[in-house]
1. Given R₀ = 30 Å, what would the calculated FRET efficiency be for residue 82 paired with residue 13, taking r from the Cβ atoms and rounding to 0.05?
2. Taking N as the number of residues in segment 12-131, what is its Cα Rg relative to 2.2 N^0.38 Å?
3. At what distance in nm do the modelled label points of residue 196 and residue 144 sit from each other, each positioned 7 Å from its Cα along Cα→Cβ?
4. Compute the orientation-averaged projected area for segment 62-112 from the convex hull of its Cα atoms and round it to one decimal in nm².
5. Taking the mean number of other Cβ atoms within 10 Å as a proxy for protection, how do you rank 41-51, 4-14 from highest to lowest?
6. I'd like to compare 63-76, 98-111, 19-32: which one has the highest average count of other Cβ atoms within 10 Å, and what's the full order after that?
7. Just to be sure I understand the model, the point goes 7 Å from the Cα along the line to the Cβ. What's the resulting residue 121 to residue 3 distance in nm?
8. Along the Cα→Cβ direction, 7 angstrom out, place labels at residue 183 and residue 34. What is the inter-label distance in nm?
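Each reported figure results from applying straightforward, stated rules to the coordinates on display, with no laboratory input. All figures in this text were calculated on a predicted structure; none of them were measured in a lab. In this analysis, Cβ positions are derived from the backbone assuming ideal geometry, glycine residues included, and neighbour counts consider all displayed protein chains.
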């Protein structure tokens with residue numbers, strides 16, 4: 001047996017049992033009491049479709065929507081229909097019941113999925129509301145931040161170094177000496193040299 005099918009069967013088992021008990025034993029009441037009319041309608045038009053709808057709705061709400069669960073009620077109704085002789089009374093009525101139980105199951109799956117979706121949205125909204133504070137007191141927040149910052153111990157590499165005055169900093173000697181002042185003769189000599197290079 002396939003593992004996926006086996007897992008799905010285990011998930012469906014409680015719903016199969018509930019639907020099976022209702023679909024196989026509720027019509028038996030009609031046979032033993034030899035009742036027709038109102039009780040007959042209550043069971044075939046009320047109880048059986050309601051069972052399919054509620055089982056599928058609950059499964060879809062708690063787990064996920066699965067099309068195959070909507071087939072359980074019609075499949076279980078087939079032996080019930082043959083056992084209690086409904087098909088001999090009216091083939092058309094039996095087929096209408098069969099289709100209506102499938103539709104009720106499918107509606108249950110759809111409603112369960114919709115309810116689950118709206119419940120998830122409400123939960124997300126509650127979480128968002130909890131995360132955002134209604135009023136933020138900036139003074140209190142600043143004090144808290146300062147207190148927390150004081151508690152943090154910095155590693156040695158980040159410890160503050162004593163301030164050093166500019167006069168204490170040793171500077172390297174310049175690579176070449178620059179004259180403080182130039183005479184007119186020096187300027188004339190430099191200009192003459194530049195002129196000779198260009199020519």
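1. On the way: r = 23 Å, r/R0 = 0.78.
It comes to 0.80.
2. Numbers: Rg = 17.4 Å, N = 120, 2.2 N^0.38 = 13.6 Å.
Rg over 2.2 N^0.38 Å, computed on Cα atoms: 1.28.
3. Placing both labels 7 Å along Cα→Cβ, they lie 8.1 nm apart.
4. Details: hull surface 14.2 nm².
If you wrap the Cα atoms of segment 62-112 in a convex hull and average its projections, you get 3.5 nm².
5. Values: 41-51: 16.5, 4-14: 11.5.
Ranking, from highest mean packing down: 41-51, 4-14.
6. Working: 63-76: 17.9, 98-111: 19.4, 19-32: 15.9.
Ranked from most to least packed, the peptides come out as 98-111, 63-76, 19-32.
7. Each label point lies 7 Å from its Cα, and together they span 3.7 nm.
8. 15.1 nm
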